[in-house]
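The values are calculated or read from the model by the stated rules, or taken from the named source; none is laboratory data. Quick caveat, the model's predicted, so the values are computed rather than measured. Cβ atoms come from the backbone with ideal geometry, glycine included; neighbour counts cover every protein chain shown.
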Amino acid sequence: MKETSARDPQVFISVHNNGGTKRHAVWGYIHYGDKNESANRELASRLVKAICAATKMEDRGVLLDSTTGRNDYRCPTTGKLSFFSLDETVNKSPYRVLLEIGDNAASYDFLQDPDNQKIIGTAIKMELALWLKEKH
């Protein structure tokens, strides 16, 4: 996070791979209680939909980071379990989302394919560019 903070980004997108869900799907997560919660929800939803449209993966929607039941970090502001990288006291980016793309077992072969990686990256890049253009 130090390296990210040093760059002072306006948007932070954390890309992960889910585990134990057995679903070939995409989830978006936003930080509970964030002052930009509505905008982050919109961005996360658009990114999830773009990835799913490009890959035919299942759209599992956008959830609050406090709902996973698997976090071990607690946000000092809200007191809720959270994703460290989305916490406003750690990450100062105004817009912060976390994407869980695929399951480490169910999506393993798919995610190892460089062509699929490029498709996912391009979907994220294109949708982010559209979102930024609309916001500014």
Collect the residues in the stretch 40-81 that are touching a strand residue (DSSP E or B) at 6+ places or on another chain (Cβ under 6 Å), in contact (Cβ under 8 Å) with a residue 24 or more places away in the chain and over 25 Å from ASP109 (Cα atoms), keeping them in residue-number order. ASN40, LEU43, LEU63, ASP65, SER66, CYS75
When the stretch 65-97 is examined, which residues are found to be over 16 Å from LYS35 (Cα atoms) and acidic (Asp, Glu)? ASP72
What do you reckon, is SER93 polar (S, T, N, Q) and modelled with pLDDT under 95? yes
Sole exception among (1) modelled with pLDDT under 95; (2) surrounded by 15 or more Cβ atoms within 10 Å (Cβ to Cβ); (3) under 14 Å from SER107 (Cα atoms) for THR4, by number: (3)
